[in-house]
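FYI, it's all coordinate maths here, none of it is from the lab. As the structure is a computational prediction, the values presented were derived from the model and not from experiment. Cβ: placed from backbone, ideal geometry, glycine included. Neighbour counts: every protein chain shown.
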Amino acid sequence: MQSTSKRKAGKPDEDTAKKKQNISTSMQEKPKLFPDEQTDCQAKTQNHDFHKTFTPPEFEPFQLLFLLRRSIELTEEVLEICFKLIESTSGTTYKSSSLGWHPREKRKEMADPEMWYMIVQDKDADEGGLQSDVDVNPALFVGFLSFKLDYDDPPNDWRRVGYIYEVHLHDKVRGRGLGSFMVSQAEKLVHSTGIGKTMLTVFTSNNPARRCYERLGYTIDEASPEDRVTRRGIIHADYMILSKVVKLDKGHSPASNK
Ligand SMILES: CC(C)(COP(=O)(O)OP(=O)(O)OC[C@H]1O[C@@H](n2cnc3c(N)ncnc32)[C@H](O)[C@@H]1OP(=O)(O)O)[C@@H](O)C(=O)NCCC(=O)NCCS
């Protein structure tokens, strides 16, 4: 699900820029969670090239191929297939939610040049010897995850995060741990840049997705909308922002607890 932040995607707004200038002051007032992170992440992460760090993983029991591409490396046809998958899995929920369903904005968000796509293809379906290890092939497509490096939501919007925008799988490959696996792969890529926090947004009603994220260690972020108490009773927020923070060692791997 999309980032729900109102600021312009990928770029801190003016307020954020001002806050960043004042970062040393605000950090004296409020200790950072992981002191190395701020200096480590600045500059390094803009336009980061994940092609260099990504090794296509294996995922048993399916014969799958994972391809990592920037949005600008995908054809319009492939982006549209991703869009249609989102629409089919979540369109109805969007429409009845406080966020609403806005196809034009969604397509624009998906085409953001800083958005990365992990596309999953079914190798078993590749009977014709297509170049499935090189090309994204709509006939073999079974799902995708998209993410980008961004700034955290207020009040932590000085901080870089990896924002997971979408994870959507065809029915036939769900319920076997693939969604969790792909989120873990995206986390590894984000961690390889020195960023220890990953975030995502999920509809409160989406129990399979929430279970998947909770199993991976995601918890409610402080930027998540709160329930509202009204005269008529409590109005529950229909989406939640979840996040996971890990401490990274100097080599950018999650530090062990020992
Ligand atoms: C949300 C979604 C991506 C999750 O992917 P998934 O592969 O089905 O989910 P998981 O990785 O959590 O799979 C775990 C399920 O497989 C089972 N499983 C089987 N083998 C497993 C393994 N080796 N490891 C982990 N789980 C395994 C688990 O028991 C679990 O079932 P449960 O949730 O009923 O307990 C997927 O359901 C989907 O595409 N949904 C529609 C789109 C959507 O809602 N996206 C989320 C937008 S925020």
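With 0.36 nm allotted per residue and the present C-alpha distance subtracted, the residue 170-residue 105 stretch has 21.1 nm of extension available. Derived scalar couplings between HN and Hα for the range 176-190 equal 10, x, 5, x, 4, 4, 5, 5, 4, 5, 5, 4, 4, 5, 4 Hz in order, rounded to whole Hz, by the Karplus curve 6.51 cos²θ - 1.76 cosθ + 1.60 (θ = phi - 60°), x for Gly and Pro.
On a C-alpha basis, how far is the centre of the range 136-175 from the centre of the range 184-208 in Å? Whole number, if you could? After rounding, the separation between the Cα centres reads 8 Å. Hydrodynamic radius of the range 50-161 by the Kirkwood approach over all distinct alpha-carbon pairs: 15.7 Å.
For residue 227 and residue 139, what does the FRET efficiency come to when R0 = 35 Å and r is the distance between their Cβ atoms, rounded to the nearest 0.05? Taking R0 as 35 Å, the efficiency between residue 227 and residue 139 is 0.20. A simple spin-label model places pseudo-atoms 7 Å from Cα toward Cβ; at residue 47 and residue 237 they are separated by 3.5 nm.
What is the sum of charges, Lys and Arg at +1 and Asp and Glu at -1, for the other residues whose Cβ falls under 14 Å from the Cβ of residue 111? Summing Lys/Arg as +1 and Asp/Glu as -1 gives -2.
Per-residue extension of 0.36 nm, minus the Cα-Cα distance of residue 214 and residue 80, leaves a gain of 45.3 nm for this segment. Pairs of lysine residues in the range 60-206 that meet both criteria, 8 or more places apart or on different chains and Cα atoms under 19 Å apart, total 12. Counted residue by residue at 0.36 nm each, then reduced by the alpha carbon distance between them, the extension gain from residue 87 to residue 63 reaches 6.0 nm. Packing around the peptides 155-163, 194-202, 50-58, taken as the average count of other Cβ atoms within 10 Å per residue, puts them in this order, highest first: 194-202, 155-163, 50-58.
Each residue of the range 152-158 was assigned a 3J(HN,Hα) from its phi angle through the Karplus expression (A = 6.51, B = -1.76, C = 1.60, θ = phi - 60°), giving 4, 7, x, x, 10, 7, 7 Hz with x at Gly and Pro.
With all pairs of different C-alpha atoms in the average, the Kirkwood value for the hydrodynamic radius of the range 36-245 is 18.1 Å.
Cut-off 19 Å, label point 7 angstrom out along Cα-to-Cβ of residue 98: give me the residues of the range 227-252 whose amide nitrogen falls inside. Residues passing the 19 Å test: 227-243.
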